[in-house]
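What follows is a short report on a single structure.
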C-alpha cells in the first residue's frame, strides 16, 4: 500500500496489514523535517552533548536583547536568534520530526 505522510507529504510504502508505524520526515525542507522543542530539564543534543537547564531558568533564557541600550532597543525593536520556524533559538532545541501514521484499511471491492 502506498500513501503520503500528512506532515511532509513524502510517499511511503507498506504492506496492507502491517499496522501503524512511525515515519521519519525527509522532504528536504527543514521547516517540515525538523521541529522545535522547549528546552527544560536534562537534554541530550543530537551531537551527544548533555545540557541541563533548570525549569526556573527557562523563563529568563530568551530575555537577552542584542539591541538593548541603542536607539532601536529604546524604540522597541528586538533582535534575537530564531529557528527556521520562528521560535527563539535560546529557549528551543531543534530535532528531527517523526510522524505517527495509521494507514487506513483498504476498502473491500464490490466485485467478487
For this session: Would you confirm whether any residue within segment 39-58 is modelled with pLDDT under 70, surrounded by 15 or more Cβ atoms within 10 Å (Cβ to Cβ) and under 22 Å from the mean Cα position of the chain (by Cα)?
Result: yes
Seminar exercise, completed: How many residues of segment 6-28 are within 15 Å of the chain's Cα centre (by Cα) and in a loop (DSSP other than H, G, I, E, B)? The answer is 7
Exercise. Residues of segment 1-29 being surrounded by fewer than 11 Cβ atoms within 10 Å (Cβ to Cβ), in contact with a strand residue (DSSP E or B) (Cβ under 8 Å, 6 or more places away or on another chain) and within 11 Å of residue 101 (Cβ to Cβ), which ones?
Worked result: 6, 20, 22
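The values are calculated or read from the model by the stated rules, or taken from the named source; none is laboratory data. In this text, all values refer to a predicted model and were calculated from it rather than measured experimentally. As a convention, Cβ positions derive from the backbone with ideal geometry for all residues, glycine included, and neighbour counts pool all protein chains shown.
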